[in-house]
């Protein structure tokens, strides 16, 4: 399902942590926890499974933000943004592959830009073969990552990102320059500005998208969400009972994919 991005704030100043929390909530993000030490940060990281971590360099206790960043990258890599004006004191910060750096004092405009930059850099770093072709990752309304889509939506004059796991896609229907994503546990589609040819090219040869197959001029489907299909594969039915006609040029490819499953 399409979900609001969950954010973990790791900041040793309660006042600055609350400032960030207010900004993020006003932008529409879900702040799952705030903590001031590295040890607590790692506990909250395991407990809440955030999608994004804002990470101060100087923390209470023996661990630094760099230590936490290294632990995160070795555990379950997610986009993380360092919060500090003291990066020169921590030359090993680059070893943790930070996705962005947000300098104090904080403001909402810079925070929004750093979130987008962090997601974009993360998507490129975790998938080196796609990173060599950034035009297959970053689009005006969506960032296509290894296992999810980071979809940008505007609400109440603010832009924010939502996370859509690839496996939650049922099917995608093209309407000229728009793509309608029909997903699990949601009646209305998610609409982004993107041509079907652009999306098809972006996911081509990417292992985590091998079950998303094009079946015609205007449709892609998640073959894991198929309910039934005719013997000749000219018509398929999705689990929500939506029927799609499969164009003849795409049937062999679809048949090969189904046989692989």
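Comparing 230, 19, 200 in a Gaussian network model of the chain, where Cα atoms under 10 Å apart are tied by springs, the biggest mean-square fluctuation is seen for 230. Once you order the gyration tensor axes a ≥ b ≥ c over the Cα atoms, which shape class does region 1-81 get: rounded for a/c under 1.5, otherwise prolate or oblate by comparing a/b with b/c? Oblate.
In what order do 197, 36 fall by count of nearby beta-carbon atoms within 10 Å, going from fewest to most?
197, 36
Note on region 167-260: Kirkwood hydrodynamic radius from all Cα pairs is 13.4 Å, rounded to one decimal. Expressed as an acute angle from 0 to 90° and rounded to the nearest 10, what is the orientation of the C-alpha long axis of helix 14-26 relative to the principal long axis of the chain? The angle comes out near 20 degrees.
The helix-based estimate of mean residue ellipticity at 222 nm for the chain, built from -39,500 (n - 2.57) per DSSP H run of four or more residues and divided by its residue count, is -8500 deg cm²/dmol to the nearest 500.
Once the Cα atoms are used to define both axes, helix 38-48 deviates from the longest principal axis of the chain by about 30 degrees.
Helix 108-125 axis versus longest C-alpha principal axis of the chain: approximately 60°, rounded to the nearest ten. Each of 208, 75 has some number of other Cβ atoms within 10 Å of its Cβ, and from fewest to most they run 75, 208. Just so you know, the Rg over Rh for the chain is 1.04, from Cα atoms, with Rh as the Kirkwood radius.
Let me check against my output: what whole-number percent is the relative contact order of the chain, with C-alpha pairs under 8 Å and at least 6 apart? Intermediate values should be presented prior to the final figure.
Values: 464 pairs, mean separation 31.0, N = 261.
With pairs under 8 Å counted, the relative contact order is 12 percent.
Readers should treat all values here as calculations from the given coordinates under stated rules, not as data from a laboratory. Only a predicted model underlies this, so the values are computations on that prediction, with no experimental measurement involved. Methodologically, a virtual Cβ is constructed for each residue, glycine included, from the backbone with ideal geometry; neighbour enumeration extends over all protein chains shown.
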